[in-house]
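Participant: Mind looking over this structure? Questions follow.
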């Protein structure tokens, strides 16, 4: 609203935005009042314009605006997993009793788990480190990921607006390094996925990518990068086991571990991973040593985690095709992007 004294500076959780039961979505609020004095501030979650139920937040807070600007950190928690698409911040000027509203659109913020209603409305999503996406996106560490979108950190604009942040069209130079590859090593199209083995949206993404590889033999290659979200408590063990398999036995062992994990997402206990490691022929003494030490796990995964930071990855899955993040991760979206690249290459040859 023009002239509104309220500005939402950001809605950026310290950890992913796709939150589990009992965790909090942190909202940082900056407010300015044209009339110095006390104001009340409160926050509410919305879905499709309606107040989302099942949430808990603080009671209305009274703060002074004598110094014109006040920064407040607050949160919302939910009794059960919810999908929301908007946070509204309300401020009541206690002198004039006027209420001002600022709206912050959540780019794919999804809590892990769904109600029956949410399942009907669901499309491709992500696990998020901050928020979750829209129709074709990632887990927001709330498992976010670009649809829900890969979880994206962004300064959210103030004042009532329904505009979403523009898609990230940066062309990232992703260092493939020694990451495992499926498909022709020299293919002109490279799909890179930053994935989390415990992210339900990553489980859905893999079959689509395998179909693409079958439809574009010798044209497309697929590269997997580790990006376990901290709130997925078993993901780190699974990623470490897969990376250990790659380092000890090569890419074939990695893909065997990878595909088993994708087919058995609820069997990520260390004992199950150890049985798999034994069947592949890994050094079990080294396996046990790594699984018992979080620092060793971090060391195994640090190269991919650093690459994710360089590429501004915040949700899972985050998928890049020739360096550009995918915002439409439907099968059609993949094909359109791939065909565009192949046609461009053909025109350059001509």
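The values are calculated or read from the model by the stated rules, or taken from the named source; none is laboratory data. Computed from a predicted model, the values in this text were never measured in an experiment. We place every Cβ from the backbone using ideal geometry, glycine too, and count neighbours over all the protein chains shown.
Participant: For residues that are outside any helix (DSSP H, G or I) and surrounded by fewer than 17 Cβ atoms within 10 Å (Cβ to Cβ), scanning just segment 216-258, find the one that is modelled with the highest pLDDT.
Facilitator: Filtering first and then ranking leaves 250.
Participant: So is residue 302 part of a helix (DSSP H, G or I) and under 22 Å from the mean Cα position of the chain (by Cα) or not?
Facilitator: When the stated conditions are applied, residue 302 passes them.
Participant: Now a separate question. When you go through 282, 213 one by one, which is the residue that is within 27 Å of residue 296 (Cα to Cα) and assigned by TED's automatic domain parsing to the domain that holds residue 315?
Facilitator: 282
Participant: Another question, if that's okay. So which pairs qualify, if the first residue must be in segment 172-188 and more than 15 Å from residue 319 (Cα to Cα) and assigned by TED's automatic domain parsing to the domain that holds residue 323, the second must be part of a loop (DSSP other than H, G, I, E, B) and modelled with pLDDT of 95 or more, the Cβ gap must be under 7 Å, and the two must be at least 6 apart or on different chains?
Facilitator: 187/219; 188/219
Participant: Tell me which of these residue 340 doesn't satisfy, since it passes every other one: (1) under 21 Å from the mean Cα position of the chain (by Cα); (2) more than 30 Å from residue 247 (Cβ to Cβ); (3) surrounded by fewer than 20 Cβ atoms within 10 Å (Cβ to Cβ).
Facilitator: (1)
Participant: Can you tell me which residue among 182, 213 is over 16 Å from the mean Cα position of the chain (by Cα) and not in a helix (DSSP H, G or I)?
Facilitator: 182
Participant: To continue, here is another question. Listed residues 322, 275, 264, 298; which is surrounded by fewer than 20 Cβ atoms within 10 Å (Cβ to Cβ), in the same structural domain as residue 209 (by TED's automatic domain parsing) and on the phi > 0 side of the Ramachandran plot? Working first, answer last.
Facilitator: Numbers: 275 fails: on the phi > 0 side of the Ramachandran plot; 264 fails: on the phi > 0 side of the Ramachandran plot; 298 fails: on the phi > 0 side of the Ramachandran plot.
Unique residue meeting the criteria: 322.
Participant: Hey, another quick one. Out of all the residues in segment 311-330, which are within 15 Å of the chain's Cα centre (by Cα) and within 17 Å of residue 175 (Cβ to Cβ)?
Facilitator: Of everything in segment 311-330, those that are within 15 Å of the chain's Cα centre (by Cα) and within 17 Å of residue 175 (Cβ to Cβ) turn out to be 311, 312, 313, 318, 319, 320, 325.
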